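Everything on this sheet refers to the single structure shown next.
The values are calculated or read from the model by the stated rules, or taken from the named source; none is laboratory data. Here the structure is a predicted model, which is why all the values come from computation and not from measurement. Glycine also receives a Cβ, built like all others from the backbone with ideal geometry; neighbour counts cover every protein chain displayed. The protein model used for the area step is the full one, side chains on, heavy atoms only, and it has no ligands, DNA or RNA in it. Shrake-Rupley method; radii C 1.70, N 1.55, O 1.52, S 1.80 Å.
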Amino acid sequence: ASLATQNLNSFTPMRTAGMGMRRMYLAGVLLSLMLGLVALASGHGPYEHPKSLWQVENIKLDLDPEVQLHVNTTEFTHQGQVVHVTWSGIARPLPSDLVALYVPAHPVDLWQTLPIHYVNASVVSISHLATGSGEATFQLLNMRGDFGFKFIRGGYRRPRVVAQAEPIRNRIKTMPTGGHLALHEDAKSMVVQWTSAQAGPQQAQWRAGSPGQRSGMAPGSTPAPGWTHTASSVRVTYKAADMCGYPANSTGFMSPGFIHSVVLDASTLVSGNRYTYRFGTDEDGWSDEHSFLAPVGPGCAVGDVDCQLTFLAFNDVSQTNPLLFNDPWAGGLHFAEMYGENSSRLSGHLGGGAESQAQLALLVGDLAYALGFAADWDVFASQFEAAFTQWPLAVGTGNHEADWPNTGDAFNNAASDSGGECNVPFMHRYYSPANIRGDPRTSYYAFSQGPVH
C-alpha cells in the first residue's frame, strides 16, 4: 500500500468527550472518515521485498580456506547485543560480495533457507574492494535460535558460501520478546502478548500504579510493592504448511516460536487508572516493566465528565531493519527510504512516550510488510515494542497481510501482496475479536470504546 508521509512534529492524538450528542456524532464521523481514508491508502501496491532477489536454490557451500570470517563473541546474552564481524582473504573482491546472517546458524537445507539479513561488504566497509578485508558492526535481535554469519560471493543469483564464522549461541531463546497490548473482545479487559521459544506457560503479572511506585504514592517515595495479580499464558504457533503460497510457505519461513497471550481481566482494572505489568518467568527471564491506562469500556453516559477517549490511528507502518548497527540503510534490507524514514520516526515518536496518555491505538492494516519473509515480523515487533506496550492495539488487516490469488481479495483475486502469508502470521501474533476466530478470511469486527463506536 502507498504510504502517506506524515509530519510527526505535528502528530496529535484524537480526543473525544461525552459532552453531548454533537460531539459524539462528530467523533463518529471523524472515525468513519479516517477509516475510509485508511482504506484508500491501503490499496494494492507493487512493492517487492529485497529478499525476493535471491535465487537461493542456486546456493552452494564452497568454503575457501584462504577466506577468514570472525565474530568477537560466541554467545548472545541480551536483546540488541552488538556484534563485531571481520573478514579477510577475499581474492578479487567485488561489489556483489555479501555478509549474511542466518538463524539457525547452519541450516540443514541451506538451498531452501534465506538469511534473515544481509549487507553488501563493499558498502559497509570501504576497505573491502581495495584489500579484500573489512569489518562491520551488527545489532542482534532474539529470534529464538543460534546465529551464524556467512561470507557469500556470486551475489543473489549464484550465491556461494566461502566462509562461515563461529556460531553465536543463543543463551536466551526463551526470553520473552515483542510484547504488545490488545483490547479484549469485551472492550474492558486487556490482553498482553509476547513471543518466546518456551512451549510451556509463562506469566503476566500486574498491579495498580506506575512502574517503581505504589498506587497513590509519589514516584520514588516508596519501593515498588509486590505484584497483586498473576495469570498464566495460553500459547499458539503456526508452521510453513499453514501458509498459502511462496515464499511464506518455503524459503521465507522461520519458526515463530510460541505466541503467548494473557487476559488482564476487567475485574482487576479500574477505568482510567494506571497499571504496571511485566511478562515472563523467573527461569526464562522477565520483560521490562511497562504500564497502561485501563480501558474506558463501552457505553459510558453522554454528558459524563469521565466519558472521554484519547486514541491514536495509524497504518502502513513497515519496519527499519536494525540489524546493521552502524548504518540501517547501508546496502542492506530495506524498502524505499520513505518507508524506513517514516517507520523510524513513528516508532521513535510513539516509543519515546509522546503519546503515553492515549487509551487506545487503531493499527488498521499493513503492519510489518514482511511479504512472506518471517524474520521481519520479529524486527517489527522489536522496533515497536516500546510503543505497543503503552496502550492496547485494535488491529485490522491490510493487503500486505492478506492478499493472495483466489483468496477473496479486492483486486480480482489476483493480488499476491502478502507473499503467501494470507493473514496467518498476523492472525496468530496480534489479538483481535476477529483473529481469535481462527479464520484468516474473516478479519473484520466492530467495537465500542467510551463515546465512540
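Computed values, structure above
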| quantity | calculated |
| --- | --- |
| Residue-span extension gain [Asn58 to Tyr444] - 0.36 nm each, minus C-alpha spacing | 134.8 nm |
| Where labels lie 7 Å past Cα in the beta-carbon direction, separation of Arg92 and Ser271 in nm | 7.4 |
| Built amide H within the under 5 Å cut-off of Ser255, gap 5+ | none |
| Solvent accessible area, Å² - Asp288, 1.4 Å probe, full protein context | 110 |
| Lysines with Cα under 27 Å of Lys51, excluding same-chain neighbours fewer than 8 positions away | Lys60, Lys150, Lys173, Lys239 |
| Cβ-defined net charge surrounding Ser196, 9 Å radius [Lys, Arg +1; Asp, Glu -1] | +2 |
| Segment 176-202 versus segment 423-453: alpha-carbon centroid distance in Å | 14 |
| Spherically averaged projected area in nm², based on the convex hull that wraps the Cα atoms of segment 79-167 | 5.5 |
| Amide proton proximity set for Gln308, modelled H, under 5 Å, gap of 5+ | Gly18 |
| Solvent exposure ordering (accessible area, 1.4 Å, most first) of Trp227, Trp206 | Trp227, Trp206 |
| Inverse mean reciprocal Cα-Cα distance (Kirkwood Rh) of segment 339-445, Å | 14.4 |
| Solvent-accessible ranking of Tyr246, Tyr275, largest area first, probe 1.4 Å | Tyr246, Tyr275 |
| Where N is the number of residues in segment 55-106, Cα Rg divided by 2.2 N^0.38 Å | 1.36 |
| Prolate/oblate/rounded label for segment 225-321 (Cα gyration tensor, a/c 1.5) | oblate |
| Cβ-defined net charge surrounding Glu57, 12 Å radius [Lys, Arg +1; Asp, Glu -1] | +2 |
| Solvent-accessible surface (1.4 angstrom probe) belonging to Arg160, in square angstrom, nearest 10 | 80 |
| Point-to-point label distance, Ile436-Arg235, nm (Cα→Cβ direction, 7 Å offset) | 2.1 |
| Under 5 Å, built H, 5+ apart or other chain: amide partners of Gly272 | Ala294 |
| Cβ-placed point charges (K, R +1; D, E -1), dipole of segment 157-295 about Cα centre in debye, nearest 20 | 540 |
